[in-house]
Amino acid sequence: MKGFLSLGANLGDRLLNLQRARDCLPAYGIRIIDQSSIYETKALEVIHPQRAYFNMVIKMETILRPFELLQICHQVEDALGRQRPYYHAPRSIDIDILALEGITITTAELQVPHPRMESRSFVMYPLSEIAPDIILPSGRHIQDVKKALGDDEIVLVWKKQEWERTL
């Protein structure tokens, strides 16, 4: 099954944390097909001020079932020092399942497609870079959703070619 993962980090070496998370995934049977540039974005929906996030989206393919994929995402987060002291706490790495081809799940533990992905520029901008023609769960074209959101929360973009040279 093909799908998209969102990776974000705002603690420690944010670029290195994204790289390590991305590099761990193939060992668990997650093949990376494509990846976006890195978008530095303001921390949103937070109570206390936080450092900006580095965000990216990965297009992937796996034979894992959705709950197995979620478990692997949590394992990688834990291995990279993710702490969960409170909702929207700063994090060394966050891996979210955005969408899985042909799959819809709504449970307390997992929601696919991600219920808030279309309201987040830090997801829509990198996703539109690697899937510019995708129709989103709402039935809207990604470019329309991206335009409606604007780019107010985006601070800086490292194009894929630029940051890949540093890894």
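Quick look at the numbers
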{"item": "Residues with amide H under 5 Å from that of Val157, placed H, sequence gap 5 or more", "result": "Glu40"}
{"item": "Residue with peak Gaussian network fluctuation, the chain [Cα springs, cutoff 10 Å], from Glu40, Glu109, Glu68", "result": "Glu109"}
{"item": "Pairwise Lys count, the chain - Cα closer than 20 Å, eight or more residues apart or different chains", "result": "11"}
{"item": "Local net charge near His74, Cβ-Cβ under 14 Å (Lys/Arg +1, Asp/Glu -1)", "result": "-3"}
{"item": "Value of [θ]222 nm, deg cm²/dmol, for the chain, DSSP H segments ≥ 4, -39500 (n - 2.57) each, nearest 500", "result": "-8500 deg cm²/dmol"}
{"item": "³J(HN,Hα) computed for each position of the range 121-128 - Karplus, 6.51 cos²θ - 1.76 cosθ + 1.60, integer Hz, glycine/proline x", "result": "4, 5, 9, 5, 5, x, 5, 5"}
{"item": "Distance between modelled label sites at Ile103 and His74, nm, 7 Å Cα→Cβ extension", "result": "1.5"}
{"item": "Whole-Hz couplings from phi, Karplus 6.51/-1.76/1.60, listed for the range 27-44; x for Gly and Pro", "result": "5, 9, x, 10, 8, 8, 8, 7, 8, 7, 5, 9, 10, 8, 9, 5, 5, 10"}
{"item": "Cut-off 11 Å between beta-carbons: net charge of the residues surrounding His88, Lys and Arg +1, Asp and Glu -1", "result": "0"}
{"item": "Amide H partners (placed H, <5 Å) of Ile105, local residues excluded", "result": "Val112"}
{"item": "Which of Asp78, Asp152 has the fewest Cβ neighbours within 10 Å, and the rest in rising order", "result": "Asp152, Asp78"}
{"item": "Highest-fluctuation residue, Ser138, Ser121, Ser36 considered, GNM on the chain with Cα pairs under 10 Å", "result": "Ser138"}
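FYI, it's all coordinate maths here, none of it is from the lab. Here the structure is a predicted model, which means the values were calculated and not measured. For neighbour counting, all protein chains shown are included, and Cβ atoms are generated from backbone atoms with ideal geometry for every residue, glycine included.
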